[in-house]
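Have a look at the structure below before the remarks.
The values are calculated or read from the model by the stated rules, or taken from the named source; none is laboratory data. This structure is a prediction, so every number in the text was calculated from the model and none was measured. We place every Cβ from the backbone using ideal geometry, glycine too, and count neighbours over all the protein chains shown.
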Amino acid sequence: MTTTINASTVSGLVNTADTSGILQLQTASTAALTIDGSQQVGVGTASPASLLHVAGNIRTSSGANYAQFANNFLRSNASGSFFYDNATVGQSNEFRTSVSSSLDTTALTLTASGILALRNAGTSATGIGITFPATQSASSDANTLDDYEEGTWTPSVGGTATYSGQVGQYLKIGKFVFASFDLTINLIGTGSKSSITGLPFTAGSSSNTQAGTVAYWSDFAISTTSFYIRVDSGGTTITTASTTTTQITVTNTPNVLGNGTRLIATAIYTSNA
């Protein structure tokens, strides 16, 4: 049985009472709202299965299906498409995870301009895309993409060398780094004749030596028929190797860089994070 308050179409307001611990509001003897003995509330159902159980849709005055939570709406249109809206124009939607009884941490933010920002990532960037935190939070899961970054770096041979061109760009996806550069040495001075420093990320200490691609070179200090670059583990240096017309084997760290040397290449390696 149920304790009921019924708006009867025959007798007006009719109250019935029992000891079931269930309270029900009725219209025309049909359950409109039920509160069971566990304080579960059912709207349109006499048997609520959760703390709030709504049997059917919640609708706007225009007829669209929706549920409102503060300034946010869950709704669907007539064709069945589902939406999660922020009623305040221009505001972001945040998805949080609780890390303590008194603190919520924003796990993901979707801005009004279409930027999807992961935890601690900035949301002021322009355009549309996924923003990773400025400081990588490395994952131990090999199947998790935990970093994406684009930027510039400055290739250098060190010492007192001067340059007429010194341009570097990089792309980092997870641990993989693609560091391209276009380097033109004016005067070599006391700079290195066999290596280039300044890579934007340290090569993984557990990685094997990794190579790169050479697109162009000119004005080497010694005659060269083939030329190679590599990145050794645990460092940020590009090391060279080459052969000449009289060589059968490759010479490591040859003194090929000199006054006027130009080198265009890309180092491809895995970083330590």
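Of all residues in the stretch 1-22 being under 57 Å from the mean Cα position of the chain (by Cα) and among the aliphatic types (A, V, I, L, M), which is surrounded by the fewest Cβ atoms within 10 Å (Cβ to Cβ)?
Looking at the filtered set, the residue picked out is MET1.
Hey, among the residues in the stretch 140-159 that are β-branched (Val, Ile, Thr) and not in a strand (DSSP E or B), which one's nearest to the chain's Cα centre (by Cα)?
Ranking the qualifying residues of the stretch 140-159, first place goes to THR144.
Looking for whichever is assigned by TED's automatic domain parsing to the domain that holds THR243, hydrophobic (A, V, I, L, M, F, W, C), more than 21 Å from the chain's Cα centre (by Cα) and assigned to a loop (DSSP other than H, G, I, E, B) here; the options are ILE222, ILE196. Which one fits?
That would be ILE222, the only listed residue that is assigned by TED's automatic domain parsing to the domain that holds THR243, hydrophobic (A, V, I, L, M, F, W, C), more than 21 Å from the chain's Cα centre (by Cα) and assigned to a loop (DSSP other than H, G, I, E, B).
Determine if the stretch 221-229 includes at least one residue that is over 21 Å from TYR170 (Cβ atoms) and touching a residue at least 40 places away in the same chain (Cβ under 8 Å).
Yes, the stretch 221-229 contains at least one residue that is over 21 Å from TYR170 (Cβ atoms) and touching a residue at least 40 places away in the same chain (Cβ under 8 Å).
Could you list, in sequence order, all residues of the stretch 235-259 that are assigned to a loop (DSSP other than H, G, I, E, B) and loosely packed, with under 13 Cβ neighbours inside 10 Å?
As a first pass, look at the stretch 235-259 and keep what is assigned to a loop (DSSP other than H, G, I, E, B): 235-236, 244-250, 253-259.
Answer for the stretch 235-259, where residues must be assigned to a loop (DSSP other than H, G, I, E, B) and loosely packed, with under 13 Cβ neighbours inside 10 Å: THR245, THR246, ILE248, THR249, VAL250.
Considering only the stretch 210-219, state which residues are under 17 Å from ILE185 (Cα atoms) and either part of a loop (DSSP other than H, G, I, E, B) or hydrophobic (A, V, I, L, M, F, W, C) (or both).
Within the stretch 210-219, VAL214, ALA215, TRP217, ASP219 qualify.
Listed here are the residues, each with its yes/no results for (1) part of a strand (DSSP E or B); (2) of a type in the set (Phe, Trp, Tyr).
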{"site": "LEU116", "(1), (2)": "yes, no"}
{"site": "GLY165", "(1), (2)": "yes, no"}
{"site": "TYR170", "(1), (2)": "yes, yes"}
{"site": "ASP182", "(1), (2)": "yes, no"}
{"site": "THR190", "(1), (2)": "no, no"}
{"site": "SER205", "(1), (2)": "no, no"}
{"site": "ASN208", "(1), (2)": "no, no"}
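If I ask for residues that are farther than 13 Å from LYS193 by Cα and among the aliphatic types (A, V, I, L, M), which ones from the stretch 230-252 would you list?
Across the stretch 230-252, the qualifying residues are VAL231, ILE248, VAL250.
Only one of these conditions is not met by THR251: (1) free of Cβ contacts under 8 Å to residues at least 60 places away in the same chain; (2) under 37 Å from the mean Cα position of the chain (by Cα); (3) on the phi < 0 side of the Ramachandran plot. Which number is it?
Single failed check for THR251: (2).
Give me the pairs: first residue in the stretch 260-273 and touching a residue at least 12 places away in the same chain (Cβ under 8 Å) and over 25 Å from ALA221 (Cα atoms), second residue of a type in the set (D, E, K, R) and in a strand (DSSP E or B), beta-carbon distance under 8 Å, and six or more apart or on different chains, which are they?
Within 8 Å, the pairs are SER271/LYS172.
Anything in the stretch 158-188 that is β-branched (Val, Ile, Thr) and closer than 21 Å to PRO133 by Cβ? List them, or say none.
Matches in the stretch 158-188: ILE173, VAL177.
Report whether or not ASP219 is of a type in the set (Asp, Glu) and in contact with a Lys or Arg (Cβ under 7 Å, 6 or more places away or on another chain).
yes
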